[in-house]
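Undergrad: Sharing a structure below in structure tokens format, with a few things to ask.
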Amino acid sequence: MSSNLITGYPRSYGSTDFFIEDLGTAAFYGLEFIDTAEDLIIPNQNISCRPNVLIRGITMVIDYTNCGVGRDRDYIDATFTGMTSGYGFTFSNAFYDDAVNRYSANLSASCTLNNYADYKIVANSTTIGSTTETNYYPSRNFETVPQISTLAGLTTGATANELINYTTSRSTSFVSNNFVVGDYVDFSTTNNNGRFVIKGVTVDGWGRELITFSGTPITTPEDLRGLRVVVDHKRKVFLSTSNPYNVNDIVVHNVDVKAVGGKNYFSIDGTIQSDLVLTRGVMYIFVENNYPDATLTFSTTADGTHQGGSSYATVGMYTLLDTSLNRRLYFFVPNNNNPQQLYYYDPTTSGMGAGIKVAGSYAYGSAPTLAAGTATTTSTLGTSTY
């Protein structure tokens, strides 16, 4: 970032008045750039659906048509669409028990693919655990969930400009590090170097983070799981008041009061005395549902005035009164003026609050936050005192 940005004179790019704010770096250990759609599939994953099975001689039909689990269907489709006829796979953990007909069998088998279509796998079985003349095995009678595994490569061939993050902790999470749509991400790896713009951030059924990029395409697949990759995180910040605060940068917390053993405590999103971690540059809105009976107050001292401290307020902290519902909205945009350690408490009742860690870097005033310039601003919710 150049010195003119630090002193408050932003670089201007044509008609758009903005600069790139450096939000720091984060180290990741589980990144995989996606080249084809099958990269999204976990090979030999655990399947939760039980199939219908039909056996005639050495021919085995394993039918997942009625499977309603999307990730199971994706895995089956990605695995067998690109598998060559004659390639081997195993059908295991297939223990069958028909109590009505008093018939049980182990249908575990080593198979070679004959053909595949519409979630129906037709295969030749070289060995089957145990069977008799009965040749139809409805899914309802499997006492275990059969599993399918194969060494075949997945080759569906559809490309995607995405990245998978196999998170190992909050510190190696795009979500926990407040990466949002529109942020710039700089990679420096063997195959992928340069700046990518985040188009989407989602979490899939396995807890993996899927990051979609726009602009510069990912040119070469790269599996970096287990390697330390430092990612530079930057955000484009508008200085023009015509550009509103990005809603992706707003986090809402519900603040309530709960009694335990006859004593009142603050609860944040349902958790009593929750310790918070706030990131500088993100707008946090605390909805005080018990206001004015309990008043959320900040301090640099644990339990504030009850322990000889004082209430804390600075730029980036605003309140809005909802006079109709008797609640208050407390807006807080942590910034470089705030210390790393804060506390929240109630000024009338001791021992209600907990601690707040403040991390990251953000120079207050570099982006629009709330309307300013007058002593008070009246809204449809009530009166906001600045």
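The values are calculated or read from the model by the stated rules, or taken from the named source; none is laboratory data. It should be emphasised that the depicted structure is a prediction, and the values quoted were computed from it without experimental measurement. Don't worry about glycine lacking a Cβ; one is built from the backbone with ideal geometry, like all the others, and counts go over all protein chains shown.
Undergrad: Need pairs with beta-carbon distance below 6 Å; first residue without any contact (Cβ under 8 Å) to a residue 40 or more places away in the chain and under 17 Å from Tyr136 (Cβ atoms) and within segment 96-114, second outside any strand (DSSP E or B) and of a type in the set (S, T, N, Q); sequence gap 6+ or separate chains.
TA: Final answer for the pair search is Tyr103/Thr134; Ala105/Thr131.
Undergrad: Give Val201, Val237, Val257 a once-over and let me know the one that is at pLDDT 85 or above and among the aliphatic types (A, V, I, L, M).
TA: Only one candidate qualifies: Val257.
Undergrad: So how many residues does segment 78-118 have that are under 29 Å from Gly207 (Cα atoms) and modelled with pLDDT of 85 or more?
TA: 8
Undergrad: Determine which member of the set Phe213, Phe187, Phe179, Phe174 is modelled with pLDDT of 75 or more, touching a Phe, Trp or Tyr at 6+ places or on another chain (Cβ under 6 Å), surrounded by 13 or more Cβ atoms within 10 Å (Cβ to Cβ) and not assigned by TED's automatic domain parsing to the domain that holds Phe80.
TA: After applying the criteria, what remains is Phe213.
Undergrad: For segment 280-329, which positions are part of a loop (DSSP other than H, G, I, E, B) and either of a type in the set (Gly, Ala, Ser) or outside the structural domain of Asp346 (by TED's automatic domain parsing) (or both)? Steps first, answer last, please.
TA: Taking segment 280-329 as the starting set, the residues that turn out to be part of a loop (DSSP other than H, G, I, E, B) are 280-282, 289-296, 300-303, 308-310, 312-316, 323-326.
If the condition is that a residue be part of a loop (DSSP other than H, G, I, E, B) and either of a type in the set (Gly, Ala, Ser) or outside the structural domain of Asp346 (by TED's automatic domain parsing) (or both), then Gly281, Ala294, Ala302, Gly308, Gly309, Ser310, Ala313, Gly316, Ser324 are the ones that fit.
Undergrad: In segment 163-198, which residues are on the phi > 0 side of the Ramachandran plot and touching a residue at least 60 places away in the same chain (Cβ under 8 Å)?
TA: Across segment 163-198, the qualifying residues are Asn178, Gly182.
Undergrad: Note down all Cβ pairs under 7 Å where the first residue falls in segment 333-350 and is within 17 Å of Ile268 (Cβ to Cβ) and in the same structural domain as Val255 (by TED's automatic domain parsing), the second is assigned to a loop (DSSP other than H, G, I, E, B) and among the small types (Gly, Ala, Ser), and they're at least six residues apart or on different chains.
TA: Pro334/Gly316; Tyr343/Ala302; Tyr343/Gly353; Tyr344/Gly353; Tyr345/Gly353; Asp346/Ala294; Asp346/Gly353
Undergrad: Which members of segment 30-57 meet the condition of being surrounded by 15 or more Cβ atoms within 10 Å (Cβ to Cβ), at pLDDT 80 or above, farther than 20 Å from Phe142 by Cβ and not charged (D, E, K, R)?
TA: Matches in segment 30-57: Gly30, Leu31, Phe33.
Undergrad: Also, I was wondering about something else. Looking at this structure, is Gly68 out of contact with any strand residue (DSSP E or B) (no Cβ under 7 Å at 6 or more places or on another chain), in a loop (DSSP other than H, G, I, E, B) and either modelled with pLDDT of 80 or more or within 17 Å of Cys111 (Cβ to Cβ) (or both)?
TA: For Gly68, the condition - out of contact with any strand residue (DSSP E or B) (no Cβ under 7 Å at 6 or more places or on another chain), in a loop (DSSP other than H, G, I, E, B) and either modelled with pLDDT of 80 or more or within 17 Å of Cys111 (Cβ to Cβ) (or both) - is met.
Undergrad: A further question follows. Given (1) within 17 Å of Glu32 (Cβ to Cβ); (2) surrounded by 13 or more Cβ atoms within 10 Å (Cβ to Cβ); (3) in the same structural domain as Ile20 (by TED's automatic domain parsing); (4) at pLDDT below 85, where does Leu154 come up short, assuming only one miss?
TA: (3)
Undergrad: Now a separate question. In segment 336-360, which residues are assigned to a loop (DSSP other than H, G, I, E, B), among the small types (Gly, Ala, Ser) and either loosely packed, with under 14 Cβ neighbours inside 10 Å or modelled with pLDDT of 90 or more (or both)?
TA: Within segment 336-360, Ser350, Gly351, Gly353 qualify.
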